[in-house]
1. Looking at THR12, THR33, THR41, can you tell me which residue is open to solvent by less than 30 Å² (accessible area, probe 1.4 Å), hydroxyl-bearing (Ser, Thr, Tyr), under 27 Å from PRO133 (Cβ atoms) and assigned to a helix (DSSP H, G or I)?
2. For the list (1) touching a residue at least 60 places away in the same chain (Cβ under 8 Å); (2) outside any helix (DSSP H, G or I); (3) surrounded by 14 or more Cβ atoms within 10 Å (Cβ to Cβ); (4) not acidic (Asp, Glu), I need the number of the one condition that LEU2 fails.
3. Provide a single number: the residues in the range 66-87 that are out of contact with any helix residue (DSSP H, G or I) (no Cβ under 7 Å at 6 or more places or on another chain), of a type outside the set (Gly, Ala, Ser) and assigned to a loop (DSSP other than H, G, I, E, B).
4. Those residues that are among the polar types (S, T, N, Q) and touching a residue at least 40 places away in the same chain (Cβ under 8 Å), I need them from the range 5-23; list them, please.
5. How many of the residues in the range 45-73 are surrounded by fewer than 16 Cβ atoms within 10 Å (Cβ to Cβ), without any contact (Cβ under 8 Å) to a residue 40 or more places away in the chain and not aliphatic (A, V, I, L, M)?
6. Looking only at residues in the range 122-148 that are over 21 Å from PRO70 (Cβ atoms) and outside any loop (DSSP other than H, G, I, E, B), which one is modelled with the highest pLDDT?
7. Of the conditions (1) farther than 22 Å from LEU127 by Cβ; (2) modelled with pLDDT under 95, PRO40 satisfies every one except a single condition; which number is it?
Amino acid sequence: MLKMSKLADYGTVILTALVGQSEQVQSAAEVATSIRIPLPTVSKILKILAREGLVISLRGARGGYLLARPPSQISIAQIIGAMDGPIGMTECSITPGLCTQESGCPVRANWQRVNRVVLQALQQVTLEHMMQPVAEPVDISGIQATRPSRKKAAITSQ
C-alpha cells in the first residue's frame with residue numbers, strides 16, 4: 001500500500017489552518033486547538049515546516065507561525081517531502097545504488113516512470129486546492145481491501 005505518514009497528513013492539516021488565518025500570526029497552541037491535534041505534535045510539525053521553509057516562525061510575545069508563501073505556491077509534494085523526505089515508489093526511484101538488483105532489474109525504468117507521474121501529480125495539487133470544497137463525494141470503494149472475509153473464503157473453499 002502506498003501511504004504517506006501521519007505527520008505529512010497532519011502537516012497538510014496544519015498548513016490549511018494557517019491558510020484560514022493567513023494574515024494573522026498563530027501560535028502552535030492556537031493551531032492545535034483549532035484542528036484538535038495535540039500541541040506537542042503540532043509544535044513538532046511546525047518546527048519541521050519552518051526548517052523546510054514552508055512556514056515562518058516569529059519569536060516573542062506576539063510570536064507564532066505564518067505561511068512562508070501564498071497557498072497557491074505550496075504543493076502537496078513539498079509538504080510530503082518536508083515531512084517524509086523524498087517521494088519515491090521504490091528505493092531506486094529516489095537514490096541510485098541502494099538496491100543490489102538495480103543494474104539488472106527489468107522493471108526499474110518503469111518504476112521510475114511511475115514515480116515521476118506520482119510526483120508530478122502531487123506537485124500540481126497546491127495548498128490552495130486543498131482549501132477548496134469538493135464538488136462531489138469521492139468514491140473510495142475501489143481502494144478498499146479486496147481480500148475476501150474469512151467467512152466468505154471458507155464458504156468458497158468447500
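The values are calculated or read from the model by the stated rules, or taken from the named source; none is laboratory data. Keep in mind it's a predicted model, so treat the numbers as computed, not measured. Neighbour counts run over all protein chains shown; Cβ positions are idealised from the backbone, glycine included. The accessibility values were calculated without ligands, DNA or RNA, using every heavy atom of the protein model including side chains. Shrake-Rupley method; radii C 1.70, N 1.55, O 1.52, S 1.80 Å.
1. Going through THR12, THR33, THR41 in turn, just one is open to solvent by less than 30 Å² (accessible area, probe 1.4 Å), hydroxyl-bearing (Ser, Thr, Tyr), under 27 Å from PRO133 (Cβ atoms) and assigned to a helix (DSSP H, G or I): THR12.
2. Condition (3) is where LEU2 drops out.
3. Final tally of qualifying residues: 2.
4. Answer for the range 5-23, where residues must be among the polar types (S, T, N, Q) and touching a residue at least 40 places away in the same chain (Cβ under 8 Å): SER5, THR12, THR16, SER22.
5. 9
6. Ranking the qualifying residues of the range 122-148, first place goes to SER141.
7. Status for PRO40: all satisfied but (2).
Conditions (1) aliphatic (A, V, I, L, M); (2) over 15 Å from the mean Cα position of the chain (by Cα); (3) within 15 Å of ILE80 (Cα to Cα), marked per residue:
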residue: ILE14; (1), (2), (3): yes, no, yes
residue: THR33; (1), (2), (3): no, yes, no
residue: ARG36; (1), (2), (3): no, yes, no
residue: LYS47; (1), (2), (3): no, yes, yes
residue: ARG59; (1), (2), (3): no, yes, no
